[in-house]
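Visitor: Handing you this structure, nothing more for now.
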Amino acid sequence: MATYTYPTFPYRAPNDLMPGAPRRRPLVVIGAGPVGLAAAIDARLQGLDVLLFDEEDSVSFGSRAVCYAKRSLEILDRLGVGDVVVEKGVSWNVGRTFMKEEEVYRFNLVPDAGHKRPGMINLQQYHLEEALVKRATELGVDLRWKYQVAGVQPLEDGARVSVETPDGRFEIDADWLIVADGARSNVRRQLGLDIEGHVFKDRFLIADVIMKADFPAERWFWFDPPFHPNQSVLLHKQSDNVWRIDFQLGWDADPEEEKKPENILPRVKAMLGDEREFTLEWASIYTFQCRRMKNFRHGRLLFVGDAAHQVSPFGARGANSGFQDTDDLVWKLALVMKGLAPEALLDTYDADRTYAADENIRNSTRSTDFITPKSAVSRLFRNAALELARTQPFARKLVNSGRLSVPAFLVHSALNTPDVDAFEGNMVPGAPLDDAPVRVAGQDAWLLDQLGNRFVLLAFADSVEQLDPLVRAQAAALAGDGIPVEVVLVTAHADTVPNGAPGLTVLHDRDGLMAQRMDARPGTCTLMRPDQHVAARWRRFDVAAVRAALARATAQTAPESVAA
């Protein structure tokens, strides 16, 4: 069976960065993992010049992160790599939990129809990184391979970065620095920045094996299976007939011994059976921790992904939360760098994403405590919950084999405009918008593909004619503001769409799911942020209210004055 061929990316001598005093660039990103690449791509989509440093010249070795949640796939769609990632990955929605050999619980990540993306895909990190590198190159990111950041000195108006290359050392100044150099962040450590939390005393073995198997594309999790008694095991299918198996080993396991092939292969054979042929592709022993930096913003240094926070792998909250970091950060940074918003806007990146990190850490810790009980009492509770889950629906809510990554609902964000009208449902200010099927210019499409990278006001109406000339004039005025707001008409009637209205995009809510999920009716307006989160909503169009909400969403008006 074929294995992955790791690409080698070309090294470029730093001749253009070395002469004379330190050169200056507007934005530097450190780290070309998935999160750093996502930040660089997003910045280019916002029209920013980006210089990215990575100390290696290839993608990450081993599959590493493998599970990418629906919200991450929607972010990757906005970045322009969603299709290639989903086509290469293994899509799945169903997870199954077993006690010994008997199934006790299952879940479906996307129980409702009308979503473009599945609940989750599995894809080796190296495939994802390769797609992101290609996209970054297409967009003109200045990628520098074999550039090792040796030090960072914060400046009042940026940061000075010391870089080691095969052709020597140089320094470069950055107006802004995004730090995405991973859980062992050299930048964070060199600056002595805090990171607090809990290290779990357990060890796990990752074994990626290549085999042909007719198992369904589902997440299977065993507690105390006969082939690995008194521990847990997780099985995932990836692309190219690669299967990820996680074996719980216990804290006393010797990492050096356990990662030897002669000790891994018997474990895998005990699970799969002696008759099944497989090849060991990659193995690793890991422990994990749930912790985060106290602050993700330090002046003009902005920490994202594992450099800012770490969680256990149960729940797939690592890379997924990192994508949400950049999704929240980059549009704000672009407005600040373009002089359209104050630097205080970036404080909301810190506030909103530390809130999200705490939520992830809380859920990840609960999963870990259930999977690896720390006392006889907690083990008794866990086993009782698993036994009851076989027959009692209430107990299934107690089973926690890794509550999977969900997007953060930033309901406490200072950027939200509180509702003044009554609404039902989950699409509250701060929520990431649910997707839905639509039609645009007579063609089937998806709602989220029509949003992102700018502010959009979704205006619901029975027909184009309902928007009187005054409203159309106000829509044009909003589009011409310093921070433009594009008004998009949403109608339930397909026959109103082809004619449209000059200068106005019209969406046909094909199955009525937009209106249902947003609790919208004719007259309802919803202001969407560039990251596809809801900023504000009303039951009628009011240009003054839209402008006030926009000012609040870009930190140009204090929340108290907007509310007043």
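The values are calculated or read from the model by the stated rules, or taken from the named source; none is laboratory data. Remember, it's a predicted structure, so these values are computed and weren't measured experimentally. Counting neighbours? That spans all protein chains shown, and the Cβs are built from the backbone with ideal geometry, glycine included.
Visitor: For region 172-274, which strands (runs of 3 or more DSSP E) that fit wholly inside it have 1 or more residues that are within 23 Å of GLY62 (Cα to Cα) and among the β-branched types (Val, Ile, Thr)?
Guide: By residue number, 196-210, 232-237, 242-248.
Visitor: Oh, and also: Could you check region 107-161 and list, in sequence order, the residues that are basic (Lys, Arg) and crowded, with 16+ Cβ neighbours inside 10 Å? Walk me through it before giving the result.
Guide: Residues of region 107-161 basic (Lys, Arg): 116-117, 134-135, 144, 146, 160.
LYS116, ARG117, ARG135, ARG144, LYS146, ARG160 - these are the residues of region 107-161 that are basic (Lys, Arg) and crowded, with 16+ Cβ neighbours inside 10 Å.
Visitor: Within region 224-245, work out how many residues are under 22 Å from LYS374 (Cα atoms) and either aliphatic (A, V, I, L, M) or touching a Gly at 6+ places or on another chain (Cβ under 9 Å) (or both).
Guide: Here the count works out to 4.
Visitor: Consider CYS290 against the criteria (1) under 23 Å from ILE371 (Cα atoms); (2) more than 22 Å from the chain's Cα centre (by Cα): it satisfies all of them except one. Which criterion is unmet?
Guide: (2) is the only condition that CYS290 fails.
Visitor: Please go through (1) outside any helix (DSSP H, G or I); (2) touching an Asp or Glu at 6+ places or on another chain (Cβ under 8 Å) for TYR349 and return the number of the only condition it doesn't satisfy.
Guide: (1)
Visitor: Another question about this same structure. From the list ILE195, ILE178, ILE172, ILE206, which residue is touching a residue at least 24 places away in the same chain (Cβ under 8 Å) and either surrounded by fewer than 17 Cβ atoms within 10 Å (Cβ to Cβ) or over 27 Å from the mean Cα position of the chain (by Cα) (or both)? Can you show your working first?
Guide: Working: ILE195 fails: either surrounded by fewer than 17 Cβ atoms within 10 Å (Cβ to Cβ) or over 27 Å from the mean Cα position of the chain (by Cα) (or both); ILE178 fails: either surrounded by fewer than 17 Cβ atoms within 10 Å (Cβ to Cβ) or over 27 Å from the mean Cα position of the chain (by Cα) (or both); ILE206 fails: either surrounded by fewer than 17 Cβ atoms within 10 Å (Cβ to Cβ) or over 27 Å from the mean Cα position of the chain (by Cα) (or both).
Just one listed residue meets the conditions, ILE172.
Visitor: Now, a different point. Being closer than 25 Å to ALA39 by Cβ, more than 17 Å from the chain's Cα centre (by Cα) and surrounded by 15 or more Cβ atoms within 10 Å (Cβ to Cβ) narrows it down to one residue among LEU345, LEU340, LEU398, LEU329; which is it? Full working, then the answer.
Guide: On the way: LEU340 fails: surrounded by 15 or more Cβ atoms within 10 Å (Cβ to Cβ); LEU398 fails: closer than 25 Å to ALA39 by Cβ; LEU329 fails: more than 17 Å from the chain's Cα centre (by Cα).
Unique residue meeting the criteria: LEU345.
Visitor: How many of the residues making up region 275-294 are in contact (Cβ under 8 Å) with a residue 60 or more places away in the chain, part of a loop (DSSP other than H, G, I, E, B) and more than 25 Å from ARG366 (Cβ to Cβ)?
Guide: Residues in region 275-294 being in contact (Cβ under 8 Å) with a residue 60 or more places away in the chain, part of a loop (DSSP other than H, G, I, E, B) and more than 25 Å from ARG366 (Cβ to Cβ): 3 in total.
Visitor: State all residues of region 370-404 that are of a type in the set (A, V, I, L, M), modelled with pLDDT of 85 or more and over 21 Å from GLN248 (Cα atoms); if no residue qualifies, say none.
Guide: Within region 370-404, just LEU388 meets the criteria.
Visitor: If a residue must be touching a residue at least 40 places away in the same chain (Cβ under 8 Å) and out of contact with any Leu (no Cβ under 8 Å at 6 or more places or on another chain), how many such residues does region 339-357 contain? Steps first, please.
Guide: At the first step, the residues of region 339-357 found to be touching a residue at least 40 places away in the same chain (Cβ under 8 Å) are 340-342, 344-357.
With out of contact with any Leu (no Cβ under 8 Å at 6 or more places or on another chain) added as a condition, the list becomes 340, 342, 344, 347, 350-351, 354, 357.
So the answer is 8.
Visitor: While we're on this one: Take the residues in region 181-192 that are surrounded by fewer than 19 Cβ atoms within 10 Å (Cβ to Cβ) and out of contact with any helix residue (DSSP H, G or I) (no Cβ under 6 Å at 6 or more places or on another chain); name whichever of them is nearest to HIS309 (Cα to Cα).
Guide: ARG184
Visitor: Here's a follow-up. Kindly provide the set of residues from region 352-374 that are buried (at least 16 other Cβ atoms within 10 Å of the Cβ) and not in a helix (DSSP H, G or I), ordered by number.
Guide: Selection gives THR372 alone.
Visitor: Sticking with this structure for a sec: Pick from ALA408, ALA422: which is surrounded by 21 or more Cβ atoms within 10 Å (Cβ to Cβ) and more than 24 Å from PRO484 (Cα to Cα)? Working first, answer last.
Guide: Working: ALA422 fails: surrounded by 21 or more Cβ atoms within 10 Å (Cβ to Cβ).
From the options ALA408, ALA422, the qualifying one is ALA408.
Visitor: A further question follows. Within the bounds of region 143-158, is there any residue that is assigned by TED's automatic domain parsing to the domain that holds VAL35, within 23 Å of the chain's Cα centre (by Cα) and not small (Gly, Ala, Ser)?
Guide: Looking through region 143-158, at least one residue is assigned by TED's automatic domain parsing to the domain that holds VAL35, within 23 Å of the chain's Cα centre (by Cα) and not small (Gly, Ala, Ser).
Visitor: Of all residues in region 124-162, count the ones that are in contact with a Leu (Cβ under 8 Å, 6 or more places away or on another chain), of a type outside the set (Asp, Glu) and part of a strand (DSSP E or B).
Guide: 7
Visitor: Quick one: how many residues across region 427-451 are modelled with pLDDT of 95 or more and either within 13 Å of VAL488 (Cβ to Cβ) or of a type outside the set (Asp, Glu) (or both)?
Guide: Of the residues in that region, 17 qualify.
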